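*Asks:* If you scroll down you'll find the structure; I have some questions about it.
The values are calculated or read from the model by the stated rules, or taken from the named source; none is laboratory data. Quantities reported herein were computed from a predicted structural model and do not represent experimental measurements. Note that we place each Cβ from the backbone using ideal geometry, even for glycine, and neighbour counts take in every protein chain shown. We work out accessible area using only protein heavy atoms, side chains counted, and drop any ligands, DNA or RNA first. Shrake-Rupley method; radii C 1.70, N 1.55, O 1.52, S 1.80 Å.
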Amino acid sequence: MLSERRLQVLRAIVQDYVGTEEPVGSKALTERHNLGVSPATVRNDMAALEDEGFIAQPHTSAGRIPTDKGYRLFVDKLAGVKPMSAPERRAIQNFLEGAVDLDDVVARTVRLLAQLTRQVAVVQYPSLTRSTVRHVELLSLAPARVMLVLITDTGRVEQRMVDCPAPFGEASLADLRARLNSRVAGRRFTDVPRLVEDLPEAFDVEDRGTVSAVLSTLLETLVEENEERLMIGGTANLTRFGHDFPLVIRPVLEALEEQVVLLKLLGEAKDPGMTVRIGHENAHEGLNSTSVVSVGYGSGGEAVAKLGVVGPTRMDYPGTMGAVRAVARYVGQILAES
């Protein structure tokens, strides 16, 4: 374990390097921070931190910069989450409350996160598999054609066409709509198949084929490997950090174009806590020079998806973590009220 003083020195190095973008020397540290020791002592502490892999000398300059290991210790032990100010929180709330539907909520969230953190924002759409049914609407388009509209608790809307084996009257359709919603409204998607399995038997024999077709379409909508959708914004922010990416920025941009990579980066939605992956902790090689800060969001205390930001390892971790957490909290409130 590092001594308390060496932890203080590491904290000061991270803060200065993030703030100035310049390698940090012992003289500058003692001038800027009240470490209570001489530059010679700080030099010894820096040598020990370098030996243990927490800081490194980027080139022949006298200064040092944090390594991935140094940033990890900073995030785990030394950095609190910087809370947003009251005006910032009000601005977030007002901006998100203007959203008209789920797509607009996600689009506004991406823009907001990219602006607040000046990094790349990634927002996952609420997953159907973790949602509950708010309402099922059935609309007659022709005597033997019905539109099924599934509305989830997160505001997601899925529409499907059902071709019925025989004409189906308005009265029968209204009866099916009422019976269906009485069973599935407010229930988890995973519970729905069990709740509707005997529903065809409640109808006349000539209508059962149509009822079964509607239910079959509903269940396909619930269980299909629905594409996990993402929205990304602020990639232009990466150009501000050109010198933070040691080779070229292209591998980072290419990685950000791969949806599978981004979903893995954000992590499992069922793990709602704050996750910070630093540098080589990211499995994708193109993202070894980046850090990813993500957190779950959802309504009613349960995460239905993740959101987060991707930026250079030289990141303002306390500020970024605070912004990501605050935005996730407000998105959850919007979904709960929608």
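*Asks:* Please work out the FRET efficiency for the pair Leu139 and Glu257, using the Cβ-Cβ distance as r and a Förster radius of 56 Å; give the result to the nearest 0.05. Mind showing how you got there, number by number?
*Replies:* On the way: r = 38 Å, r/R0 = 0.68.
For R0 = 56 Å, the calculated efficiency reads 0.90.
*Asks:* Treating only the Cβ atoms of Lys and Arg (+1) and Asp and Glu (-1) as charged, compute the dipole magnitude of the stretch 125-188 about its Cα centre; round to the nearest 20 debye. Let's see the in-between values first.
*Replies:* Working: 10 positive and 6 negative charges, 68 e Å.
So the dipole magnitude of the stretch 125-188 works out to roughly 320 debye.
*Asks:* By what distance, in whole Å, do the Cα atoms of the stretch 127-223 stretch along each of the three principal axes, largest value first?
*Replies:* 35, 25, 19
*Asks:* Please find the FRET efficiency linking Asp175 to Lys264, where r is the Cβ-Cβ separation and R0 is fixed at 35 Å, and quote it to the nearest 0.05.
*Replies:* The formula returns an efficiency of 0.15 here.
*Asks:* Now for a separate question. For the stretch 180-191, take each phi angle, set θ = phi - 60°, evaluate the Karplus expression 6.51 cos²θ - 1.76 cosθ + 1.60, and give the result in whole Hz per residue in order, putting x for glycine and proline.
*Replies:* 5, 5, 5, 8, 10, 4, x, 9, 5, 4, 5, 8
*Asks:* Let me ask another. Could the peptides 53-59, 292-298, 132-138, 23-29 be put in order, highest first, of the mean number of other beta-carbon atoms found within 10 Å of their residues?
*Replies:* Numbers: 53-59: 15.4, 292-298: 24.9, 132-138: 18.6, 23-29: 20.3.
Result, highest mean Cβ count within 10 Å first: 292-298, 23-29, 132-138, 53-59.
*Asks:* Ser38 to Ala62: FRET efficiency via 1/(1 + (r/R0)^6), r the Cβ-Cβ distance, R0 22 Å, to the nearest 0.05? Before the final figure, lay out the partial values.
*Replies:* Working: r = 16 Å, r/R0 = 0.75.
My answer for the efficiency is 0.85.
*Asks:* Rounded, prolate or oblate: which fits the stretch 2-76, taking a ≥ b ≥ c as square roots of the Cα gyration tensor eigenvalues, rounded meaning a/c under 1.5, else prolate when a/b beats b/c?
*Replies:* Details: a/c = 1.27, a/b = 1.09, b/c = 1.16.
It comes out rounded by the Cα gyration axes.
*Asks:* With all pairs of different alpha carbon atoms counted, what Kirkwood hydrodynamic radius in Å does the stretch 1-127 show?
*Replies:* 17.2
*Asks:* Could you work out what % of the accessible surface of the stretch 2-76 is carbon and sulfur, using a 1.4 angstrom probe and leaving DNA, RNA and ligands out of the count?
*Replies:* Values: 1720 of 3760 Å².
Looking at the stretch 2-76 in its full context, I get 46 percent from C and S.
*Asks:* Å³ per residue of the Cα convex hull, for the chain? The partial results should precede the final answer.
*Replies:* Numbers: hull volume 50.2 nm³, N = 338.
So the per-residue Cα hull volume is 148 Å³.
*Asks:* If you don't mind, another one. Quick one: dipole size for the stretch 2-76, taken about the Cα centre, charges +1 on Lys/Arg Cβ and -1 on Asp/Glu Cβ, in debye to the nearest 20. Can you show the working numbers first?
*Replies:* Numbers: 9 positive and 11 negative charges, 30 e Å.
My answer is approximately 140 debye.
*Asks:* Still on this structure: What is the distance, in nm, between label points placed 7 Å from the Cα along the Cα-to-Cβ direction at Gln115 and at Ser212?
*Replies:* 5.5
*Asks:* Another one. Using a 1.4 Å probe, what is the accessible area per residue for the chain, in Å²?
*Replies:* For the chain, the per-residue accessible area is 48 Å².
*Asks:* For Glu302 and Ala166, calculate 0.36 nm times their separation in residues minus their Cα-Cα distance, and state this gained length in nm to one decimal. Don't jump to the answer; show the numbers that get you there.
*Replies:* Values: separation 136, 0.36 × 136 = 48.96 nm, distance 4.19 nm.
Going from the current span to full extension adds 44.8 nm.
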